[in-house]
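Nothing in this text is a laboratory measurement; each read-out follows from the coordinates by a stated rule. Here the structure is a predicted model, which is why all the values come from computation and not from measurement. No Cβ is skipped: glycine too gets one built from the backbone with ideal geometry, and neighbour counts run over all protein chains shown.
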Amino acid sequence: MRLPIDTTKLTITSAGIPIPENVFGTEAPRVDRTTGERVHSLTVLVVGPDGVGGVLRIKVSGEPTGISPATLLKLNGFTAQPYEFNGKSGTSYWAESVEAATATSPARAERAGS
């Protein structure tokens, strides 16, 4: 089950560059079963309108371009997916696409005006 995340009031900034993922425990490229594209991961800093933030590692199908450290991002189709595997559980974060955002996100503009 994928749970949609509304990013309209979040400021999301890259903390690195997109990195190609491999199938766990192998050197084989990880490929999205739906799109057939190579899966990449990207570490991001997410800050809410209250100024509280956290670091997340997100995955995206295909290689995002134009993203370097400290790039303001727009995540399209951002979801959280709870999982359980071999007795361990957690949440994975996925975006349908990742792109550089305009200089001012809605959340950043809102905070600047306060």
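Couple of notes before you dig in:
- For Val39, Val98, Val31, the sequence from fewest to most other C-beta atoms within 10 Å is Val31, Val39, Val98.
- Cβ-placed point charges (K, R +1; D, E -1), dipole of region 26-70 about Cα centre in debye, nearest 20: 100
- The chain, helix-only ellipticity at 222 nm - DSSP H runs n ≥ 4, -39,500 (n - 2.57), divided by all residues, nearest 500: -1500 deg cm²/dmol
- For the chain, built as a Gaussian network whose Cα springs stay under 10 Å, the top-fluctuating residue of Gly66, Gly90, Gly51: Gly90
- Solvent-free Debye scattering, log10 I(q)/I(0), computed from the Cα coordinates of region 39-80 at q = 0.22, 0.26, 0.27 Å⁻¹: -0.84, -1.14, -1.21
- Using a Förster distance of 22 Å, the FRET efficiency for Asp6-Tyr83 (Cβ separation, nearest 0.05): 0.55
- With Rh defined as the Kirkwood radius, the inverse of the mean 1/r over Cα pairs, the Rg/Rh of the chain is 0.99.
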